[in-house]
Structure formats: C-alpha cells, structure tokens
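Have a look at the structure below, then the notes.
Derivation of every value follows stated rules applied to the coordinates shown; laboratory data play no part. This is a predicted model, so every value here is computed, not measured. Note that we place each Cβ from the backbone using ideal geometry, even for glycine, and neighbour counts take in every protein chain shown.
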Amino acid sequence: MKFTTLNNGVQMPLLGFGVYQMRDLKECQEAVLGALQTGYRLIDTAAAYENETAVGAAIQQSGIARDKLFITTKLWVQDAGYEKARSAFLRALDRLKLDYLDLYLIHQPYSDVHGAWRAMEELYDEGLIRAIGVSNFAPDRLTDLATFNRITPAVNQIEMHPFLQQGQNVAFMQSMNVQAQSWASFAEGKNNLFSNPLLVSIAQLYNKSVAQVVLRWLIQRNVIVIPKSVNLPRIRENFNVFDFSISDVDMEKISQLETGETLFTAHTDPERIKTVGTKIFNT
Ligand code: NAP
C-alpha cells in the first residue's frame, strides 16, 4: 500500500474502499470483510449511508488491529452545528464500535459548518479523531472554513473521474495543503466509462482493466481513491493497482476526456441545497 502524508503528519492510504449505496447491511458487512481480507485498510462510510453498523461489524469480524486501519465517516447536514456535531460524532463511533476515528468529514458544505468545525477541532484536540476534513467544498467554501478557524481541513473529498478531472480545484487544494480525495472515481459507470474506447485501449496496453487504469491515473495525480464494489473479484481487481505505472503520454491522453461537467449534481444548485437539507439520516 502507498500512503500520503496529511497536513498534520498523519499517514493516509492512497487507496481505500467506499461503501455508498450499500443499503443491505449483510451485503455491506460481507463486502467490507472481503475488502479487509484483500488488504484494504481505509474504509469510507458516512452517517447518510446508514451502514456504519455493518462497517463496524466487519471490522470486528476481521480481527485486524485497530491501529492498522484507517476509518472515515462523515457528518450529515442535519448535524451541522457545534452541539449537534459533537453528539453525532459520538453516535457514529458507537455504531462503528470504535473509540476513535481516523478521519471525520463534513459531508456537505451547508448549514452551520463553522459550528460543526469548532466541535471537530475540539474532538481532534481530545485525541478522538486523528484528522478532520470536508467533502464537496468548492474553493470559496474551503477558503472560508480555513480562514475563519484554527485548523485547515486535512482532506477534501470531491467528485473526480476521467470526465470531471478537477485540475484547477486540485491545484488550489495543493496550494492550501489540503489532500484531494476522489469520490465516484468510476463515475459510478456513467458515460459508459468501463467501455470508453480510449480507456479500453490504454488498459490493453498495460494488460490491466479500465477500472485499474482509472484508479492508477488518480493515484499518480496524488489523489486518494475509494472505489466501491460488492463483487469480490472486482474488490480484488481494484486493489491491484500498484504493480504498473501509466506513462506521461498516456496520462495526457486521459486528460482529454475532461468534460468540465458534473455527472451528478452541482453543489451550488439552490434547489439541490434545499432538498439535501431536508434529508434526515441516522439520528
Ligand atoms: P464508483 O466507485 O465510481 O462506482 C461504483 C460502481 O462501479 C458500482 O456500480 C460497482 O458495481 C462498479 N464497479 C466497481 N468496480 C468495478 C470494476 N472493477 N469493474 C466494473 N465495475 C465496477 O462510485 P461511488 O460508490 O459513488 O464512489 C466511491 C465512494 O466514494 C463511495 O462508495 C463513497 O464512499 C464515496 N462517495 C462520497 C460522496 C460524497 O459526497 N462525499 C459521494 C459519492 C460517493 P459493483 O458494486 O456491482 O461491483
């Protein structure tokens, strides 16, 4: 496994396992156990995925020492705010059956994120979280949070895949010493990613799959990836990305797939903000 060093010195794996849309808790537990047995150590969940209990059960079942794992979960919008964030964090720990977290992220840049951040800074100071960060924060929101608080986020997890490469955003984060992490590295298969002719031709060149090429392309940009799969052969396939490297020429070819458009929803869309803000999870 390769690691990156966060802005507080903590080592974070460059490859992890995401569990979004694993609503079936038995399936989630089996998938996480399969991932841990394959060698993944970073698991990425969220209160909004409503599967932290399954992640916790898989961790216990795996028998892997706690200090070898890197567990991330995320604070949902309903819990943005100083008091609410603290109790939401304790509930998440309880569901995960853990006594500390490696990374806690503010999931969406809405509501009282400054209050939540102050609670997270305190939990960090108390040693209950090893690193704190955000998700879906555009440069203006990231700057606002970093400028008016003590601790700069260690990580920003954003939509990033061959069709939305986020070059300027990643450069901006690097200038702030914030580690970039990709969600939906495969664009959840949208835009026929797995049969894209350019990606297929590059994959053939390296005797790898399209999925492996996409993960490797992100890792070579020093972006953390957390592919999701409930299929054990794919879980293994997605882990096997450290035995080759993509040439500069092929990296450049992949950069031409950029569309500059989200394949999901824009986080600045007022209608989306209203809808997301009303969703309640794992209270
Ligand atoms: P993703 O990883 O881009 O794509 C997952 C899809 O790809 C699934 O349909 C999976 O199917 C398929 N797949 C996985 N490996 C494959 C392979 N080797 N070959 C062919 N198909 C493959 O999508 P994602 O789950 O949205 O994103 C990854 C993680 O990012 C999430 O799980 C979550 O932890 C995080 N995330 C965060 C946010 C946020 O707002 N912070 C938003 C979305 C996601 P099978 O399961 O059937 O294999």
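Quick notes on this one:
- Residues of the range 117-146 classified as touching a residue at least 12 places away in the same chain (Cβ under 8 Å), more than 17 Å from VAL178 (Cα to Cα) and surrounded by fewer than 16 Cβ atoms within 10 Å (Cβ to Cβ), total: 2
- Members of the range 147-187 found to be without any contact (Cβ under 8 Å) to a residue 40 or more places away in the chain and near the ligand (Cβ under 8 Å from one of its atoms), listed by number: ILE158
- Matching residues in the range 170-199 - criterion: being loosely packed, with under 15 Cβ neighbours inside 10 Å, assigned to a helix (DSSP H, G or I) and not basic (Lys, Arg): ALA171, GLN174, SER175, GLY189, ASN192, SER195, PRO197
- Residues in the range 205-256 that are polar (S, T, N, Q) and in a helix (DSSP H, G or I) were compared, and the one that is nearest to the ligand (Cβ to nearest atom) is ASN238.
- Residues in the range 20-58 that are within 11 Å of the ligand (Cβ to nearest atom) and charged (D, E, K, R) were compared, and the one that is surrounded by the fewest Cβ atoms within 10 Å (Cβ to Cβ) is GLU27.
- Residue that is under 24 Å from THR53 (Cβ atoms) and more than 19 Å from the chain's Cα centre (by Cα), where the choices are SER87, SER135: SER87
- Selection from the range 118-155 of residues that are touching a Pro at 6+ places or on another chain (Cβ under 8 Å) and assigned to a helix (DSSP H, G or I): ARG141, LEU142, LEU145, ALA146
- Of the residues making up the range 68-116, those that are aromatic (Phe, Trp, Tyr), free of Cβ contacts under 8 Å to residues at least 40 places away in the same chain and within 16 Å of the ligand (Cβ to nearest atom) number 1.
- Members of the range 206-237 found to be farther than 26 Å from MET173 by Cα and not hydrophobic (A, V, I, L, M, F, W, C), listed by number: TYR206, ASN207, LYS208, SER209, SER229, ASN231, PRO233, ARG234, ARG236, GLU237
- Residue in the range 264-271 that is within 21 Å of ILE71 (Cα to Cα) and either assigned to a helix (DSSP H, G or I) or within 18 Å of the chain's Cα centre (by Cα) (or both) present: no
- Qualifying residue in the range 63-75 (condition: more than 30 Å from GLN220 (Cα to Cα) and either in contact with a helix residue (DSSP H, G or I) (Cβ under 6 Å, 6 or more places away or on another chain) or small (Gly, Ala, Ser) (or both)): yes
- For the range 196-255, filtering for residues that are in contact (Cβ under 8 Å) with a residue 60 or more places away in the chain and charged (D, E, K, R) leaves 2.
- ILE202, sole failed condition from (1) within 13 Å of the ligand (Cβ to nearest atom); (2) in a helix (DSSP H, G or I); (3) β-branched (Val, Ile, Thr): (1)
- The residue that is farthest from the ligand (Cβ to nearest atom), counting only those in the range 257-272 that are touching a residue at least 24 places away in the same chain (Cβ under 8 Å) and within 23 Å of THR45 (Cβ to Cβ), is THR262.
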